[in-house]
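Structure record follows, encoded as structure tokens.
The values are calculated or read from the model by the stated rules, or taken from the named source; none is laboratory data. Treat the numbers as computed from the prediction; the structure is a model and nothing was measured. Here Cβ is always computed from backbone atoms with ideal geometry, including for glycine, and neighbour counts include all displayed protein chains. These area figures cover heavy atoms from the full protein model, side chains too; ligands, DNA and RNA do not enter into them. Shrake-Rupley method; radii C 1.70, N 1.55, O 1.52, S 1.80 Å.
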Amino acid sequence: MAKEHKQSSAITPLFSAEAIENRIREIGTEISLDFASATTESPLLLIVVLKGAFIFAADLLRTITIPCIVDFIHASSYGSRKISSGNVTIKHNLAIEGRDILLVEDIVDTGLTIQQVTAELMTMKPASLSICTLLDKPEARKHPVVARYTGFIVPNAFIVGYGIDFNEQYRGLPSLGVLDS
Ligand code: PRP
């Protein structure tokens, strides 16, 4: 039986848990085909952008059938606000030279976070770097970013649930919705 969330009353539903699961399975299949040459000696490296992408990444990883390993990078720009601060704080301890990288994000909004994370990782000379985002909000874009894999295109509204927060709340909702303003 689905658990009830008391915190979901101020949220307009957007994508159900089932719709998310189905879309992620499709993306996982696509990634497995595109990186079919990965081996245990040379696996695909998923780099998960914390915190928002942790639930998406956990589910995506379990749909990928090629050898892959996981690491994490912490990037934050929103703090407790609904608009980006314009400054992205990036923390990591990664070794990625020569590896095929799949950067896993929950949402590309203005594009600032993923642009800055990508720029930093490219200085470390990966063999390739692709972006996989669950959600893309093209109307909000201020920095050019093109994701190779996108789960859903979303409207220019504040989305929460399935790992995505407002002021650290709502990450545990199994579905995605728009936070009522
Ligand atoms: C959110 C989200 C993305 C980023 C997208 O992170 O998880 O990383 O903002 O916005 P942008 O395209 O405008 O940069 P946030 O800074 O809220 O940190 P969090 O993931 O720890 O919640």
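Structure summary
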{"item": "Gain in span if fully extended, THR118 to GLU18, counting 0.36 nm per residue against the direct Cα distance", "result": "32.9 nm"}
{"item": "Under 20 Å, Cα to Cα: Lys pairs in the chain, sequence gap 8 or more or different chains", "result": "6"}
{"item": "Full-stretch length increase - ASP180, PHE158 - with 0.36 nm per residue and alpha-carbon distance subtracted", "result": "7.1 nm"}
{"item": "Percent RCO, i.e. relative contact order, over the chain, from Cα pairs under 8 Å lying at least 6 residues apart", "result": "25 percent"}
{"item": "Share of carbon and sulfur in the accessible heavy-atom surface of the chain [1.4 Å probe, %]", "result": "52 percent"}
{"item": "Calculated FRET efficiency for the pair THR89/SER37, C-beta based, R₀ 35 Å, to 0.05", "result": "0.50"}
{"item": "Virtual spin-label span in nm between GLU26 and ALA10, 7 Å along Cα→Cβ", "result": "3.2 nm"}
